[in-house]
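Here is the structure we will look at, set down as structure tokens.
The values are calculated or read from the model by the stated rules, or taken from the named source; none is laboratory data. Computed from a predicted model, the values in this text were never measured in an experiment. Here the Cβ is made from the backbone with ideal geometry for all residues, glycine too, and neighbour counts use every protein chain on show.
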Amino acid sequence: MKTTGAERVRWNLSDLFASPDDPQIEATLARELEHAQAFEAKYRGKVATLEPKAFAAMMRELAEYEESSVKPEVYAYMLHSQDTQDHAAGRLLARVREASAERGRHMVFFSLELAPVDDEQAAKLYADPESAVYRHTVEEARKFRPHQLSEPEERVLTDFSPVGNGAWTRLFEELCARITVDVDGQEMALDQALTLLREPNREVRRKASAAVTQALEGDIRTRGYVFNVILQEKAIDDRLRQFPTWLSSRNLANETSDGAVQALVDAVTGRYDVCVRYYRVKRQLLNVGELHEWDRYAPVSETTRDLSWDDAKELVLGSYYRFSERTGALVEDFFKNGWIDAAVVAGKAGGAYCMPVTPHHHPYVLMNFTGKLRDALTLAHELGHGLHDRLAVKQHIFDYHPPLTLAETASVFGEALTFDRIMAEEKDPKVRLAMLCNQVEDAFSTVFRQVAFNRYEDAVHTSRRTEGELSVEQLGELFQDKLQPMFGDALTLTEEHKVWWSYVSHFMHTPGYVYAYAFGNLLALSVYHRYLERGPAFVDDYLDFLAAGGSTRPDELVKRVGMDITDPGFWDAGLKILDGMVTEVERLSGN
């Protein structure tokens, strides 16, 4: 791998703790355990009947506890992301999760007592300015009332949580991080090998794809077993809590309904033709008889653009500054203050994420920068999340994080800002076509592909519950069966592709998560289209939208920027934007 300048871009986590052995970590864990015990002693049996002033005081105490207790967990997770093979980081991650479960035993009562708040009590709380601040928190808790267990049962589940989904997900991620891919005798990390699928040379892509398949097959049965355990754990939890479908709990947490999500899925799967049209054009542009999985992200011309870290920084930061001085300044802080980890190093977790902390502590961004133009768009994407978090700092911690259905809005918007700047500055029509194809493919990845992933999850969760443990062959067959329809007859997934489910960590750590990408992407495209229509007059409305964080239901919040996601035709509008992008590809390519 060539050097990019990102090799030196590592997190500075000292504003959380000095090291894994920092005595402040244990001191914080001990203090917050005492706080949890004191909170339980003070409020147990009283939550649902407190007078408004007392209720507000209780919530302020709880917020202070949450803000302090989350920091060791965030620190340990990010440290482990930097090097999943480091035993000290892994041990600390296990320690803070065990401490969280120990504290959690004393906090179980709270949600169990908050959910039963009746209408009369709720009206009293909402009538008082101090307690009304927590209206959204109370309403969200009340939604889960039918799915709560008894306090002893909830305590037992909390006690067992350190060895539940989080533990299995950690194992899965560590296994994936250890995967090395041998491409023509060169050993590289999985993320680096996947980057080769975007190389102009088809033989390079084919070899890389075959090498990835071979590497994934290495311990696939172990990862398949992990997946089966997580699937069954989810089935047990859903049965105990009486959720009607495997996805219902995720939909409730996302502040949406089973019906609304099904409408999204139906709208997207009903427009697979947009995807098929695009790959038919791409087949002609590449001048090949048949497309396969190693051709999905192939550049349509030999023209490629590599970037140094400084180039990517200027491109992304300049795009945010062009939108508004305020957003540019908020994003620039990430570069100035060591809030980004971008180096590609052995053992580092793959992919990219933005880690929010609390309203009073800045977020962090992790990515693996390989020097490609798409890495700049990834950087813009994750910094969009960071911008969202920083704008929401006036919210209390319970309303700080947006639900997953809104969480992708700012990130996709920031990516669109950066892409439009690239297109505005590029004059060569061949390069413009190549870049438009790249953007179409990225949009397809977060709309059509993620909904296809949702269809896969639906199939494996359903099959695990009806047939028992699934073999890796079954997992692969289902994966192929659900992903092939989005390509129709325009691209054929080979037998090698069947194992590629086995590195997708979202299936493990947050079952049901993936449709939120499609939800957020289509929403963000619509929001961005509204910005293009209104221009600078839209900026303040958009920033207010982001500043709301998770304080307002998605359908209500989106109305503030002039749209209605409850309209059955809303998703069609977003899909028409993708359709228009494909039409432009067809025009530029002469098809």
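Some observations on this one:
- One residue stands out in segment 512-549 among those that are modelled with pLDDT under 95 and part of a loop (DSSP other than H, G, I, E, B): the one that is farthest from the chain's Cα centre (by Cα), namely 512.
- Segment 150-201: number of residues that are buried (at least 19 other Cβ atoms within 10 Å of the Cβ), within 23 Å of residue 512 (Cβ to Cβ) and among the polar types (S, T, N, Q): 1
- The condition of being free of Cβ contacts under 8 Å to residues at least 24 places away in the same chain and assigned to a helix (DSSP H, G or I) holds for only one of 232, 262, 214, that being 262.
- Meets criteria (surrounded by fewer than 17 Cβ atoms within 10 Å (Cβ to Cβ), under 23 Å from residue 254 (Cβ atoms) and touching a residue at least 40 places away in the same chain (Cβ under 8 Å)) for residue 110: no
- There is no residue in segment 442-456 that is assigned by TED's automatic domain parsing to the domain that holds residue 328, modelled with pLDDT of 90 or more, closer than 30 Å to residue 283 by Cα and of a type in the set (Lys, Arg).
- Test for residue 287: is it on the phi > 0 side of the Ramachandran plot and either surrounded by fewer than 21 Cβ atoms within 10 Å (Cβ to Cβ) or in the same structural domain as residue 145 (by TED's automatic domain parsing) (or both): yes
- Those residues of segment 474-511 which are in a loop (DSSP other than H, G, I, E, B) and polar (S, T, N, Q), in sequence order: 492, 494, 505, 510
- All conditions in (1) aliphatic (A, V, I, L, M); (2) at pLDDT below 95; (3) over 26 Å from the mean Cα position of the chain (by Cα) hold for residue 56, with the sole exception of (2).
- Which numbered condition residue 550 misses (of (1) touching a His at 6+ places or on another chain (Cβ under 6 Å); (2) on the phi > 0 side of the Ramachandran plot): (2)
- Residue in segment 2-10 that is in contact with a Phe, Trp or Tyr (Cβ under 7 Å, 6 or more places away or on another chain), closer than 30 Å to residue 345 by Cα and part of a helix (DSSP H, G or I) present: yes
- Whichever residue in segment 265-300 is in contact (Cβ under 8 Å) with a residue 40 or more places away in the chain and of a type in the set (Gly, Ala, Ser) and, among such residues, is nearest to residue 445 (Cα to Cα): 298
- Any chance residue 333 is out of contact with any helix residue (DSSP H, G or I) (no Cβ under 7 Å at 6 or more places or on another chain) and either in contact (Cβ under 8 Å) with a residue 24 or more places away in the chain or acidic (Asp, Glu) (or both): yes
- The listed residues are 327, 370, and the only one of them that is at pLDDT below 95, crowded, with 21+ Cβ neighbours inside 10 Å and within 22 Å of residue 419 (Cβ to Cβ) turns out to be 370.
- Selection of helices (runs of 4 or more DSSP H) fully inside segment 366-450 by the criterion of at least 1 residues being of a type in the set (Val, Ile, Thr) and under 28 Å from residue 190 (Cα atoms) returns 373-391, 409-425, 429-446.
- Residues satisfying the stated conditions in segment 198-211, i.e. in a helix (DSSP H, G or I) and of a type in the set (D, E, K, R): 198, 202, 203, 205, 206, 207
- Filtered residues of segment 79-97 (kept if in a helix (DSSP H, G or I) and either in contact with a strand residue (DSSP E or B) (Cβ under 6 Å, 6 or more places away or on another chain) or surrounded by fewer than 16 Cβ atoms within 10 Å (Cβ to Cβ) (or both)): 81, 87, 88, 91
- Residue 235 among the small types (Gly, Ala, Ser), under 24 Å from the mean Cα position of the chain (by Cα) and at pLDDT below 95: no
- Scanning segment 238-247 for residues that are free of Cβ contacts under 8 Å to residues at least 24 places away in the same chain and under 17 Å from residue 157 (Cα atoms), we see that the one that is nearest to the chain's Cα centre (by Cα) is 238.
- Pair list, Cβ < 6 Å and 6+ apart or interchain, from segment 188-210 residues that are assigned by TED's automatic domain parsing to the domain that holds residue 348 and under 18 Å from residue 499 (Cα atoms) to residues that are small (Gly, Ala, Ser) and surrounded by fewer than 18 Cβ atoms within 10 Å (Cβ to Cβ): none
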